[in-house]
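Notes follow the structure.
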Amino acid sequence: MNNMTVLWRSIALLDYDFFKKDAIDEGDVLIVSIDRLLWTRVCAMEVDKYRKDLELMKEYYYKKYTNDAFLKEASQHKKSYKKFKGNVLSGKYED
């Protein structure tokens, strides 16, 4: 058992193999997978720092994956989205 295993067990009560799964090996260090990182943050959401970490990740993914063309079209048809409670099928707008 190495020092990292002891460290993780004492902090998160999880073993080293849990965090090592899907980690990126950078030689001297392993970078924990986003899946494992998110899981630890979700489990500790009541801690202000971890909740803020999740909010930062959420903002990052919204910026990275937001479809600007969809948002532009949706903003032009707000009345239809409101009328149909957010459900517009097959682009059939009624505004």
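The values are calculated or read from the model by the stated rules, or taken from the named source; none is laboratory data. Just so we're clear, the structure is a prediction, and the values are computed from it rather than from any experiment. Neighbour counts are summed over all protein chains in view; Cβ atoms, including those assigned to glycine, are modelled from backbone coordinates with ideal geometry. The area values use the complete protein model at the heavy-atom level, side chains included, leaving out ligands, DNA and RNA. Shrake-Rupley method; radii C 1.70, N 1.55, O 1.52, S 1.80 Å.
Couple of notes before you dig in:
- Of all segments of the chain bounded by GluC sites (Glu not before Pro) found in a DSSP loop with no more than 15 other C-beta atoms within 10 Å, the longest spans 47-93.
- Summing charges over all other residues whose Cβ lies under 14 Å from the Cβ of residue 36, with Lys and Arg as +1 and Asp and Glu as -1, gives -2.
- Residues considered: 81, 50, 60. Largest GNM mean-square fluctuation over the chain, using C-alpha springs under 10 Å, is found at 81.
- Mean-square fluctuations from a GNM of the chain, with a 10 angstrom spring cutoff on Cα atoms, peak among 28, 53, 15 at 28.
- Accessible area per residue, Å², the chain with all protein chains present, probe 1.4 Å: 85
- Per-residue ellipticity at 222 nm from helix content only, as computed over the chain with -39500 (n - 2.57) for each DSSP H run of at least four residues, stands at -17500 deg cm²/dmol.
- Recomputing Rg and Dmax of the Cα atoms in Å from the coordinates shown identifies the correct label among (i) 14.2, 44; (ii) 22.6, 63; (iii) 21.0, 65 as (iii).
- Comparing 56, 38, 14 in a Gaussian network model of the chain where C-alpha atoms under 10 Å apart are linked, the largest mean-square fluctuation is found at 14.
- Stretchable slack from residue 55 to residue 34, in nm (0.36 nm times residue separation minus alpha-carbon distance): 6.1 nm
- Long pairs among 49/83; 49/79; 49/72; 20/52; 20/64; 49/82, criterion Cα-Cα beyond 29 Å: 49/83; 49/79; 49/72; 49/82
- Percent accessible area from carbon and sulfur atoms, the chain, protein chains only, probe 1.4 Å: 57
- Local charge for residue 80 was computed over the other residues whose Cβ lies under 12 Å away, with Lys and Arg +1 and Asp and Glu -1, and equals +3.
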